[in-house]
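This report concerns only the one structure given below.
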Amino acid sequence: MPIRRTLEGQRFFVTGATGFLGTAVVERILRSIPDAQVTVLVRPGRRASAAQRTAREIVKNGCFDRLREELGGRFDDEMARRLLTVAGDVGRDGLGLDDEGLSVLGRADVVVHSAATVSFDAPLDQAVETNLLGPARVAAAMAAARRALAEAGEAPADGHLITVSTAYVAGTHQGEAKEELLSTNRFTIDVDWEAEVTYARRLRQDLQTASRRPEQLAKLTKRARDELGPAGDHLLAARTERLREDWVRQQMVEAGSARAQALGWPDAYPFTKALGERVLVERHQIGVAPAADAVPITIVRPSIIESSLAEPRPGWIRGFRMAEPIIISYARGLLAQFPGVPEGVVDVIPVDLVVAAILAVAAKGPDPTGPTVVQVASGVVNPLGYAELVAYGEDFFGRNPLYDERGQPISVPEWSFPGRGKVQRQLRRTAKAMDLAERVLQTLPLRGRQADLSARLDERQTTLKRALTYVELYGAYTETEARYRVDRLLELWAEQDDEDRRDFCFDPHVIDWDHYVLEVHLPSVLEHARVRTTPGGRSAVADRPTRAKRAILSPDRHLAVFDLEHTLIASNVVDSYAWLASRHLPPGRRAAFVADLVAEGPRLLALDRQDRGDFLRFFYRRYEGASVEELAADSWDLFHRELLPRSFPEGLARVRQHRRLGHRTLLITGALDVVVSPLEPLFDDIVCAHLGRTDGRFTGHLNVLPPIGEARATLLEDYTARHGLSLAESVAYADSASDLPMLEAVGFPVAVNPETRLAAIARRRGWHVEHWSKSKGGAAGLLPLGPLDRGTERSRQTVVGRRRAAP
């Protein structure tokens with residue numbers, strides 16, 4: 001049964017071709033089967049058609065490098081001739097195929113269904129729609145395509161459906177799992193799959209309803225506000241909605257895991273895969289289903305698919321599989337222990353062996369008596385022990401350590417084999433303590449390098465939660481005692497001639513674990529992980545600020561926009577008011593003025609956190625009746641005596657750098673125009689607060705309220721459009737999460753001396769952070785007071801503190 005000659009010129013239809021296994025299947029057919037034609041079913045994306053996704057995600061993948069090199073200049077023509085894309089979705093009845101797509105499916109000799117939701121933490125309904133119903137949908141579409149061609153007077157192909165399942169449909173039972181249908185497995189619980197589909201769909205609707213209840217929305221809104229602070233209603237609403245969707249998703253994930261575990265599967269992935277096999281067989285088995293619906297079926301069940309042994313090249317992998325995140329976390333010293341039994345077996349199979357087995361199954365053809373199962377696994381015939389794998393990791397990373405940001409080697413911890421429950425309890429206790437520490441830090445007025453503590457804590461929390469996720473998702477797989485027999489696979493191997501054994505190897509015996517793990521797989525993991533593997537010098541992480549600063553100060557930038565308070569000057573509107581209001585107060589009134597303003601501080605702070613616009617409107621009423629002329633004169637005194645000594649010289653120098661580079665500069669601040677007028681020579685434009693004036697005095701009411709929150713992003717859009725500039729080529733500097741809309745609007749956001757929320761956000765998003773030092777000087781004490789005016793008394797109204805009821 002020569003594979004190459006048997007399959008030569010046949011027409012293949014492949015689902016899941018943008019995935020790891022699917023990409024390898026498509027490449028192997030095009031490279032190794034002469035004149036074979038491949039049609040891939042691809043779901044169109046939001047911004048890309050199905051054909052565009054095929055070109056970008058399949059053909060341009062490194063898996064095709066060997067074929068690209070072999071064909072040379074003929075590569076594009078060969079792909080155009082032999083690779084066809086049809087738009088569709090296995091999550092929809094009929095696969096979403098149009099008449100042309102249905103016709104192509106009806107003419108396919110072999111249909112390889114590898115599309116699946118392979119994540120172990122997929123929402124239950126998503127796993128149900130793809131894994132449970134997907135195989136039967138493909139079979140039903142094949143039957144419908146066959147009928148349509150027959151009605152049109154054309155002869156359909158006797159399409160052979162090869163559906164890829166997983167060896168883990170056997171569940172968590174102990175002992176050997178045979179290559180048999182689940183209906184004949186005495187350990188499989190009989191589950192009403194239609195009821196499971198109904199439950200999953202209804203649960204999604206119920207959770208959507210629950211997520212919109214007032215009490216739940218109040219909790220999510222509070223959480224969003226805790227994360228973002230006064231970032232503006234739009235961002236808070238967007239974050240709340242994202243948290244609502246995440247809550248629904250997490251509830252669906254937990255429901256799937258709970259349901260699967262109650263029935264003997266570790267999670268929703270093998271649970272829905274198992275039911276998917278049953279639905280497919282019940283509805284489309286030859287000899288059982290109506291002849292019009294019957295389809296020749298073979299089920300291929302691989303174990304854990306990992307990087308290739310040899311084809312198309314050693315170590316080829318697409319994305320991180322199950323083991324890779326754990327391996328990298330261990331190598332970085334972040335994961336000191338993981339559940340598992342030292343005597344256990346990690347059933348791993350290289351992807352190219354799975355692909356070769358699928359092609360061998362295709363060449364053999366379907367069993368005319370009904371569906372058959374072929375398992376592709378190593379645990380029975382060539383086991384890799386868990387303790388052995390740990391020893392490989394210790395050896396490899398002992399000789400090839402990763403390096404930290406300072407260029408120092410990371411010593412891997414000594415691996416232990418605790419129980420899953422113990423590890424989960426330890427991680428959860430630590431996570432709870434870190435959550436408490438983060439809440440405490442959020443209440444402290446930390447800024448700049450001090451706020452980095454919060455950002456680092458946030459990063460550690462992320463790492464901790466990721467480790468807990470790994471334990472919860474993969475722990476059951478490291479503790480499983482099921483062993484997957486491969487009798488039918490080995491019988492198929494025995495039928496191959498020498499040429500096929502050389503070119504289409506799928507015998508698990510050939511895997512030399514020393515060679516595969518140490519020389520193929522682990523080096524490939526490091527290559528794809530983008531971690532530092534060389535000592536000394538500056539790491540990519542350490543060099544990132546230098547590259548970011550170079551990009552920010554590139555002549556290609558268009559606009560540099562700055563916030564003022566705590567970005568360019570370590571001061572705020574309250575400080576400026578205190579200085580100006582006390583400038584001409586006699587000594588006897590100063591103490592009362594300070595006491596009055598300090599007592600009102602908590603209320604002012606709460607109002608500022610609640611709504612910056614309301615705070616500015618309320619606070620600036622204190623200027624009612626102040627002389628415009630005298631306040632303007634005092635503002636220059638304020639600038640030289642107070643603001644300039646409290647400025648960040650690096651910030652002012654940065655403004656000048658941007659101007660020298662030809663960038664337009666813009667200041668956006670809530671300060672009054674008279675206060676910031678000394679800064680006018682630095683900027684092309686200043687957007688600030690303007691108080692109303694009448695008869696030479698301020699009214700206390702704002703004529704122009706500066707943009708806050710999301711209004712700053714809108715202003716930047718209008719400003720750049722008016723001046724012919726690009727937001728993508730603009731830079732924004734700010735210190736607070738309240739400026740998130742402005743930072744998100746530009747292509748180059750910079751967090752300057754960030755407060756705790758922005759420090760954490762900037763770290764998560766990879767934004768550039770700068771710490772600018774303050775000048776020595778400025779007033780000391782609770783409030784900066786103007787110098788005593790010992791001149792003659794002036795018969796005029798001055799700016800004084802007035803208590804006002806908050807709006």
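How many residues does the stretch 380-407 contain that are in a loop (DSSP other than H, G, I, E, B) and open to solvent by 20 Å² or more (accessible area, probe 1.4 Å)?
Residues that pass the stated criteria total 9.
For the structure I just gave you, tell me whether Gln126 is open to solvent by 80 Å² or more (accessible area, probe 1.4 Å), in a helix (DSSP H, G or I) and closer than 23 Å to Val112 by Cβ. In short, yes.
Residue selection: Glu311 satisfies the criterion of being at pLDDT below 95, over 25 Å from the mean Cα position of the chain (by Cα) and within 30 Å of Thr534 (Cα to Cα). Every test in (1) of a type in the set (Gly, Ala, Ser); (2) buried (at least 17 other Cβ atoms within 10 Å of the Cβ); (3) farther than 25 Å from Glu710 by Cα is passed by Ala689 save one, and that test is (3).
With the structure loaded, tell me whether Val169 is under 22 Å from Gly379 (Cα atoms), within 31 Å of the chain's Cα centre (by Cα) and at pLDDT 95 or above or whether it fails that test. No, not satisfied.
If we scan the stretch 417-426, do we find a residue that is modelled with pLDDT under 80, touching a helix residue (DSSP H, G or I) at 6+ places or on another chain (Cβ under 7 Å) and open to solvent by less than 40 Å² (accessible area, probe 1.4 Å)? Yes, the stretch 417-426 has at least one match. Annotation: Ile286 fulfils all but one of (1) assigned to a loop (DSSP other than H, G, I, E, B); (2) touching a helix residue (DSSP H, G or I) at 6+ places or on another chain (Cβ under 6 Å); (3) open to solvent by 10 Å² or more (accessible area, probe 1.4 Å); the unmet one is (2).
Of everything in the stretch 239-256 that is under 26 Å from Ser738 (Cβ atoms) and open to solvent by less than 50 Å² (accessible area, probe 1.4 Å), the residue that is nearest to the chain's Cα centre (by Cα) is Leu243.
Being more than 13 Å from Ile668 (Cα to Cα), among the β-branched types (Val, Ile, Thr) and either part of a strand (DSSP E or B) or in contact (Cβ under 8 Å) with a residue 60 or more places away in the chain (or both): is that true of Val769 here?
Considered against the rule, which asks whether it is more than 13 Å from Ile668 (Cα to Cα), among the β-branched types (Val, Ile, Thr) and either part of a strand (DSSP E or B) or in contact (Cβ under 8 Å) with a residue 60 or more places away in the chain (or both), Val769 comes out as yes.
Of the residues making up the stretch 535-559, those that are modelled with pLDDT under 75 and in a loop (DSSP other than H, G, I, E, B) are Pro535, Gly536, Gly537, Arg538, Ser539.
What about Leu667, is it in contact with a Phe, Trp or Tyr (Cβ under 7 Å, 6 or more places away or on another chain) and in a strand (DSSP E or B)? When the stated conditions are applied, Leu667 passes them. For the stretch 206-220, a tally of residues being part of a helix (DSSP H, G or I), closer than 13 Å to Glu245 by Cα and under 25 Å from the mean Cα position of the chain (by Cα) returns 6.
Scan the stretch 614-634 for residues that are assigned to a helix (DSSP H, G or I), open to solvent by less than 10 Å² (accessible area, probe 1.4 Å) and closer than 16 Å to Gly692 by Cα and the total you get is 7.
Selection within the stretch 721-744: residues that are open to solvent by 30 Å² or more (accessible area, probe 1.4 Å) and aliphatic (A, V, I, L, M). The member of this set that is farthest from His658 (Cα to Cα) is Ala721. The set of residues in the stretch 155-192 that are in a loop (DSSP other than H, G, I, E, B) and hydrophobic (A, V, I, L, M, F, W, C) comprises Ala155, Ala157, Leu181, Phe187, Ile189, Val191.
Put simply, of Thr188, Thr163 the only residue that is at pLDDT 95 or above and surrounded by 14 or more Cβ atoms within 10 Å (Cβ to Cβ) is Thr163. If you go through the stretch 680-712, how many residues are in a helix (DSSP H, G or I), among the aliphatic types (A, V, I, L, M) and without any contact (Cβ under 8 Å) to a residue 60 or more places away in the chain? Final tally of qualifying residues: 1.
The values are calculated or read from the model by the stated rules, or taken from the named source; none is laboratory data. Keep in mind that this is a model prediction, so the values were computed, not measured. Using ideal geometry, Cβ is built from the backbone for each residue, glycine included, and neighbour counts are taken over all protein chains shown. Surface accessibility is based on the protein's heavy atoms, side chains included, excluding ligands, DNA and RNA. Shrake-Rupley method; radii C 1.70, N 1.55, O 1.52, S 1.80 Å.
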